[in-house]
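The structure appears right after this line, and notes come after that.
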Amino acid sequence: MTTEQEKRAKELRDLIKNHNAAYYDEDSPIIPDVEWDMLMKELLELEEQYPNLRKDDSPTQNVGGSPSKIFSPVTHRVPMMSLDNAFEIEALQQWKEKLERKLEEGTEIGNLVCELKFDGLAISVRYEQGRLVQAATRGDGLVGEDVTHNVLTIADIPKVIQGAPPVLEVRGEVHLRRSEFRKLNEEAKKNDGKEYVNPRNAAAGSLRQKDSNIAATRNLSFWAYQLGEVAEGPNLLSHYATLKFLSSLGLPVNKNAKLVRNTEGALDYIKEFQKVKDSLDYEFDGIVIKVDSLELQRELGNTAKAPRWAIAYKLPPEEQVTTLLDIEVSIGAAGSATPFARLDPVFVGGVTVSTATLHNEDQIKEKDVRPGDKVIVRRAGEVIPEVVGPVLSERPKSLPKWEFPQNCPSCGAKLERPSGEARHRCNNYSCPRQVRGRVEHFAQRTAMDIEHLGEQSIDLFVSKGLIQDIGDIYSIDFELVRTFEGFGELSVTNLRDAIEGSKSRSLGNLIFGLSIPHVGRTNADLLATTFGSMQSLEQVSHDELQSVEGLGPVIATSVYEFFRSPTTLVVLEKLQSAGVNFQGPEKIELPQTLIGKSIVVTGTLERYNRDEAAAAIKNRGGKSPGSISKKTDALVVGNNPGASKVGKAEDLGVPTINENAFEKLLSTGVVPQ
């Protein structure tokens, strides 16, 4: 052990104590959770390698924060401990093997219970003769704070329990649902009040109020997951039986707790809930794994701060800290100027991220991120990575604010921000970046589906002057293309055939491919079926467009202006001369069995592709949105479905049906039970 290691251990202890005070005592963290985890992990590893560095006052030996002097102290009759963490899957098997070495030879751990590790505030709720008499925070594990007045306002927590033992102490987590958190911060923003960093700190801040009226307005929630002191209670033999007992008393127990046979079962549970994490209305940052047998729990005992019989596997972080190298602006197909972050590459949410969205000028000003900042980057599921905000404690002095550029970075034209819009625009229709963007959009699978016309080819053709708008795709000089490096006879033939084949795509595909501002694929199909041909769309009046149900005034105006633009007419002339299909589908007269119904499809169906399934729903008067909501009437589940959609459907009580039931639904309009 060197002086350098002693110095680092002290530095880590001081840092973590300061952050603990901000997190637990002030409910205002100054670093993201993942950075705190890494500091604690580094200190733990140092102390394990050099036991002499472990001090009694080390954060690794203590639980949570200090009890506040504002509230009356409550001494826990049974200590409220924290949990040891595992950051790698391998650590779970090592944990199980370590426990079995502590038991008599031949004794197996047996069943395990997996639960979600809720991101809230641990509390103890005490009932005497069935009445709630006291509630306390965890505090330092031995002494907490009396928050009874605030806990009494939480609707989830019963004030009286019929049939409860004479003394019943329930342990659990107070949390704020994501939907309530959004409402809270929206209201705070409107009234220039305090905005919370995350739901956990909002829940903690709500409980630690002297005025219970404030907590009452926050709509806090509660999950029960453990027993503390119990007098004359039932003879429970397992933790899973304890959860069932708590539920039988009317206490809220999360339905996702599961009994598994071994660590392989725990790994399956981890994989399952890692997929649906963002579809639930409450936050969790890990999976708690507990030995099920209460007898074995007692035999295994505790360390100074944590039970040996439980461990928390921390899910791979969806947030990481990295350096914001620069802010650049991209120009889209319709001229929109979108700022994005150029990042020091960082592994987050399962992938390495080097760029992230910053949306628009207002968002950058609100977040106050600047090139050179350490920033928090978030990526959840398949969501595009975004910059959450700066780590202000690490901002270099005199770091200048970033200013939105005045000119287009692609063509140099002046960027303009239309009144009432959040984004700047480049209005130069011939801007090279816009041309590239329009061609990329036109060629994509959901538009004209031109295989072999990828980004590199598009860049080359635009820079060489072969393509100046999407109409030029159909008059590319392939003799010239053959002279370009990388274009052999086969690649030229494949590209020419793909372009020729795209001429027969549907009118809906073509309308979507034109990059009309605000017109997505659904509205493109609506325009195609309503007006029947491109010629009709060219001549349609503004009033006729506004009368189409589902378009709305903004889209109607955008479509009307698009087809009055001279540049649009030039492009349409090129497309028509090339023989691109301008005719829409014949109207199919089908029974309107799904009027007023919203049906979502996930996974692969055997008799329908995704577009055909959506068309089958819409042709019968229904809606086929891409996401689940409370208004969804049914979720059609095929092979390899999206776990987040299935999880959200279960959470919202939306019926899930297979392909056979889907066909019955199409013919009858009745969701099979």
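Each reported figure results from applying straightforward, stated rules to the coordinates on display, with no laboratory input. Only a predicted model underlies this, so the values are computations on that prediction, with no experimental measurement involved. Quick reminder, even Gly has a Cβ in these numbers, built from the backbone with ideal geometry, and neighbours come from all protein chains shown.
Given Lys159/Lys183; Lys117/Lys271; Lys255/Lys664; Lys275/Lys597; Lys41/Lys314, which pairs have Cα atoms separated by over 20 Å? Intermediate values should be presented prior to the final figure.
Values: Lys159/Lys183 26 Å; Lys117/Lys271 14 Å; Lys255/Lys664 31 Å; Lys275/Lys597 28 Å; Lys41/Lys314 12 Å.
Beyond 20 Å between Cα atoms: Lys159/Lys183; Lys255/Lys664; Lys275/Lys597.
Report, in whole Å, the centroid distance computed from the Cα atoms of segment 415-489 and segment 75-123.
A separation of 57 Å, based on Cα centres.
For segment 510-619, report the translational diffusion coefficient in µm²/s to the nearest whole number, using Stokes-Einstein at 37 °C, 0.692 mPa s, and a Kirkwood Rh over Cα pairs.
Calculated translational D: 212 µm²/s.
Using helices alone, what [θ] at 222 nm do you get for the chain, with -39,500 (n - 2.57) per DSSP H run of 4 or more residues, divided over all residues and rounded to the nearest 500?
-10000 deg cm²/dmol
Using amide H atoms built 1.01 Å from N in the peptide plane, name the residues 5+ places from Thr656, or on other chains, whose amide H lies under 5 Å from its own.
Residues meeting the criterion, in which the H sits 1.01 Å from N, are Leu635.
How many angstrom lie between the C-alpha centres of segment 551-571 and segment 223-285?
56 Å
For segment 595-673, run through the GluC sites (Glu not before Pro) and keep only the ones in DSSP coil with at most 11 other Cβ atoms within 10 Å of their Cβ.
Filter output for segment 595-673: Glu606.
Rounding to the nearest 20 debye, state how big the charge dipole of segment 319-393 is about its Cα centre with +1 on each Lys and Arg Cβ and -1 on each Asp and Glu Cβ.
Numbers: 7 positive and 11 negative charges, 25 e Å.
So the magnitude is around 120 debye.
Tell me, what ³J(HN,Hα) does each residue in segment 103-119 have, in order and in whole Hz, if you take phi through Karplus 6.51 cos²θ - 1.76 cosθ + 1.60 with θ = phi - 60° and put x for Gly and Pro?
Result, rounded to whole Hz: 8, 4, 4, x, 7, 9, 5, x, 5, 10, 10, 9, 9, 6, 8, 5, 9.
Nearest 0.05, what FRET efficiency do Gln444 and Gln468 give at R0 = 22 Å with Cβ-Cβ as r? Each step should come with its number before you reach the end.
On the way: r = 19 Å, r/R0 = 0.89.
Here the calculated transfer efficiency is 0.65.
So which cysteines of the chain have no other cysteine's Cβ under 4.7 Å from theirs?
If one checks each Cβ against the other cysteines of the chain, Cys114 turn up with nothing under 4.7 Å.
Can you give the convex hull volume per residue for the Cα atoms of segment 574-673, as a whole number of Å³? Mind dumping the intermediate values first?
Details: hull volume 12.8 nm³, N = 100.
Per residue, the Cα convex hull of segment 574-673 comes to 128 Å³.
Treating the Cα atoms of segment 92-140 as identical point scatterers in vacuum, please give the log10 of the normalised Debye intensity I(q)/I(0) at q = 0.29, 0.32 Å⁻¹, two decimals.
-1.08, -1.18
List the extent of the Cα atoms of segment 319-393 along each of their three principal axes, largest first, rounded to whole Å.
Largest to smallest, the principal-axis extents are 33, 28, 17 Å.
Report, by chain and number, residues whose modeled amide H sits under 5 Å from the one on Gly286, excluding near sequence neighbours (fewer than 5 apart, same chain).
Lys117, Leu315
Compute the whole-percent fraction of alpha carbon pairs in the chain spaced more than 42 Å apart. Before the final figure, lay out the partial values.
Working: 93548 of 226128 pairs.
When all Cα pairs of the chain are counted, 41 percent exceed 42 Å.
Go through segment 600-610 residue by residue and turn each phi into a ³J(HN,Hα) via Karplus (6.51, -1.76, 1.60, θ = phi - 60°); whole Hz please, and just put x for glycine and proline.
Whole-Hz 3J(HN,Hα) from phi for segment 600-610: 9, 10, 9, x, 9, 8, 7, 9, 9, 7, 4.
Pull up all non-local amide H partners of Ala86: gap of 5 or more, or a different chain, and H-to-H distance under 5 Å with H placed in the peptide plane.
Hits under the 5 Å cutoff: Ala312, Tyr313, Lys314.
Quote the FRET efficiency, to the nearest 0.05, computed for Ser212 versus Thr567 with a Förster distance R0 of 60 Å and r equal to the Cβ-Cβ distance. Each step should come with its number before you reach the end.
Numbers: r = 64 Å, r/R0 = 1.06.
My answer for the efficiency is 0.40.
Which residues does a label at Arg77 reach in segment 121-152, if reach means a backbone N under 18 Å from a point 7 Å past the Cα toward the Cβ?
Residues 123-138, 141-148 qualify, since their backbone N sits under 18 Å from the label point.
Determine ³J(HN,Hα), in whole Hz, for all residues of segment 233-244 in sequence, where each value follows from phi through the Karplus function 6.51 cos²θ - 1.76 cosθ + 1.60 and θ = phi - 60°; x replaces Gly and Pro.
Each residue's phi maps through the Karplus curve to give x, x, 7, 7, 9, 9, 5, 5, 5, 5, 4, 5 Hz.
If the viscosity is 1.306 mPa s and the temperature 10 °C, what Stokes-Einstein diffusion coefficient in µm²/s follows for segment 217-331 when Rh is the Kirkwood radius over Cα pairs?
On the way: Rh = 17.4 Å.
So the translational diffusion coefficient is about 91 µm²/s.
Any idea what % of Cα-Cα pairs in segment 432-577 are farther than 19 Å?
Of all Cα-Cα pairs in segment 432-577, 52 percent lie more than 19 Å apart.
Evaluate E = 1/(1 + (r/R0)^6) for Lys10 and Leu142, where r is the Cβ-Cβ distance and R0 equals 30 Å; express this FRET efficiency to the nearest 0.05. Spell out each step's value before the answer.
On the way: r = 25 Å, r/R0 = 0.83.
Approximately 0.75, to the nearest 0.05.
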